[in-house]
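What follows is a set of notes on a single structure, which appears directly below.
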Amino acid sequence: QPWVRPVSLAVTGLFSAYVCALLFEGAFGEKGSWASGEVRPATQIPTWVILLAGVVSFGLIALRSLLYSVALFRDPQSLPEKEDLH
């Protein structure tokens, strides 16, 4: 039971890092929207700008989740039990 929370935060962090990497590849990869110059037809916003929002968001989620996980693995009492992690 004491390992459920840090393990779940680690899994969340790893999944978020994976999604971040996929979005980064879609935006700035070899065949990404940066290289192709793709633009959304309705708004005329470059697609890489939209994907960059996801890269930043999921990157921050991954960083925060992994840091909380490491803190809890080191000291299970380091975070309050009922802390709102949103």
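So here's what we get for this one:
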{"item": "Residue check, ARG5 open to solvent by 70 Å² or more (accessible area, probe 1.4 Å) and at negative phi", "result": "no"}
{"item": "Given (1) under 30 Å from GLN1 (Cα atoms); (2) loosely packed, with under 15 Cβ neighbours inside 10 Å; (3) within 9 Å of the chain's Cα centre (by Cα), number of the condition ARG74 does not satisfy", "result": "(3)"}
{"item": "Boolean, SER36 is loosely packed, with under 15 Cβ neighbours inside 10 Å, polar (S, T, N, Q) and within 8 Å of the chain's Cα centre (by Cα)", "result": "no"}
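The values are calculated or read from the model by the stated rules, or taken from the named source; none is laboratory data. Only a predicted model underlies this, so the values are computations on that prediction, with no experimental measurement involved. So basically every Cβ, Gly included, is an ideal-geometry build from the backbone, and we count neighbours across all protein chains shown. Keep in mind that these areas ignore ligands, DNA and RNA; they rest on the heavy atoms of the full protein, side chains included. Shrake-Rupley method; radii C 1.70, N 1.55, O 1.52, S 1.80 Å.
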